[in-house]
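One structure below.
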Amino acid sequence: MKNGLVKKLLLAGTILGASMLGLSGCTINHMDDNPNNSTTKSSYSSSGSSENSSDNSSSSTGYSSSSYSSSSSSQSSVPLFNISISGNLQDSEAHTNTAGEIKVYDSLSNLIKNITTSDGNYNITLPYSFSEYRLKAKPNGNYYFRTVHIDGKSGTNNLTVRAVPYPTFCSYGDFRKFMEEINMSKTIVADDGKEFGLRKSIIRNVEILKNHPKGNFTIDEQNFMSNKVKDVNDIRKYVIGDNINVQVDGDNNSSPNGNHFSMDSLGNITYIEPKWGIIFKDETIAGQGKTQTGYSNSMLTGIINTGITRIGTVNDTIVSHELGHELIVPDGENYILSPSYTIMCGNGNSLTKPGVADEKAGKIIYELTFNPRETSEDILGTN
């Protein structure tokens with residue numbers, strides 16, 4: 001009795017298992033190994049039917065999603081889950097579309113898409129992924145590679161990817177080192193243990209004190225500094241011509257608009273209103289200047305929102321150099337480029353205004369599509 005029952009149950013289980021598997025229409029798609037051709041998909045069907053589909057992206061490689069068919073009839077293979085990445089490739093300074101190459105890598109750095117665009121526009125379909133994708137783009141000609149990290153679960157549309165053109169005044173390698181010296185540090189580590197990457201200043205207001213326990217500015221010195229800050233060919237070069245509001249205080253630092261800082265009896269600045277930089281005279285550092293910057297909430301934001309600048313001697317070079325620290329160089333100095341290209345040198349400066357390297361640095365730092373904490377490899381990639 002028991003043996004007969006077992007045999008019946010085994011027979012029933014075999015029949016049920018075969019019915020649930022539906023082996024007559026199992027299709028398996030494969031990745032094309034040729035990065036220069038459109039994606040082709042080989043398929044397998046136990047019923048002997050053949051299924052093929054093609055990716056309509058030209059000059060690309062990529063994955064195809066596997067599909068399942070419960071019947072033996074031929075069907076078009078349709079990916080179960082796809083994401084899309086679309087947008088345009090542009091020059092970061094001209095903000096115009098440009099022809100170039102776009103590559104997409106998976107989280108293991110495998111190249112899975114490689115397309116060219118003749119007009120800057122692109123539209124890429126990728127399989128859904130729990131990991132991120134890296135889109136790496138470079139216009140034709142002398143440009144750095146721009147890398148954008150994309151969520152593999154959602155993709156993104158209307159993504160403008162802007163790539164930085166090489167400098168014309170020095171080698172592209174030296175300019176990248178310059179950017180890492182003055183802003184995108186690879187050696188100074190933030191509190192999260194990662195390199196700082198890009199830092200942006202949102203200081204767009206400057207208060208020039210009249211009096212301080214360590215020294216007093218004359219009215220002429222205050223006006224001299226005020227004019228430099230407002231000059232689009234001087235300090236405003238750092239911020240791509242953005243307006244910088246200047247408040248010149250009167251005696252005892254009086255102002256109809258009030259003060260944007262707090263100071264104790266020893267002259268220590270204890271509070272600064274966000275988006276403001278404070279400048280005061282410090283005769284203990286004659287012939288020099290010193291600048292400190294503060295971050296919005298935390299250094300982890302990569303956003304600088306306050307600055308304190310002490311000026312020992314008022315002249316063109318010192319004022320432009322120190323305001324450069326508030327706006328583009330939160331720490332560090334230039335030691336790689338010639339003093340003829342930048343006023344941010346650590347071994348003496350010859351310029352009296354921001355140089356061509358400083359202006360180009362500002363165009364990178366304040367490019368809206370570049371985010372705080374992005375690395376030099378993401379923005380100024382060389383391979």
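The values are calculated or read from the model by the stated rules, or taken from the named source; none is laboratory data. These figures come from a predicted structure and were not determined experimentally. No Cβ is skipped: glycine too gets one built from the backbone with ideal geometry, and neighbour counts run over all protein chains shown.
Things worth noting here:
- Residues satisfying the stated conditions in region 350-383, i.e. part of a loop (DSSP other than H, G, I, E, B) and under 18 Å from residue 232 (Cα atoms): 351, 352, 353, 354, 355, 366, 367
- Listed conditions (1) without any contact (Cβ under 8 Å) to a residue 60 or more places away in the chain; (2) at positive phi; (3) surrounded by fewer than 19 Cβ atoms within 10 Å (Cβ to Cβ) are all met by residue 158, apart from (1).
- Candidates 111, 135, filtered to the one that is surrounded by 13 or more Cβ atoms within 10 Å (Cβ to Cβ), modelled with pLDDT of 95 or more, under 27 Å from residue 366 (Cα atoms) and not polar (S, T, N, Q): 135
- Unique residue being out of contact with any helix residue (DSSP H, G or I) (no Cβ under 8 Å at 6 or more places or on another chain) and either surrounded by fewer than 24 Cβ atoms within 10 Å (Cβ to Cβ) or within 24 Å of residue 223 (Cβ to Cβ) (or both) when the list is 369, 382: 369
- When region 276-307 is filtered for residues that are over 14 Å from residue 199 (Cβ atoms), in contact (Cβ under 8 Å) with a residue 40 or more places away in the chain and in a strand (DSSP E or B), the ones remaining, listed by number, are 276, 277, 278, 279, 280, 281.
- Options 188, 182, 102: the member that is under 30 Å from residue 231 (Cβ atoms), under 19 Å from the mean Cα position of the chain (by Cα) and among the hydrophobic types (A, V, I, L, M, F, W, C): 182
- Considering 282, 220, 264, 234, the condition of being crowded, with 16+ Cβ neighbours inside 10 Å and more than 25 Å from residue 364 (Cα to Cα) is satisfied by 282 alone.
- Taking residues in region 87-107 that are at pLDDT 95 or above, and partners anywhere that are surrounded by 17 or more Cβ atoms within 10 Å (Cβ to Cβ) and among the acidic types (Asp, Glu), the pairs with Cβ atoms closer than 8 Å and at least 6 places apart or on different chains are 92/367; 98/91.
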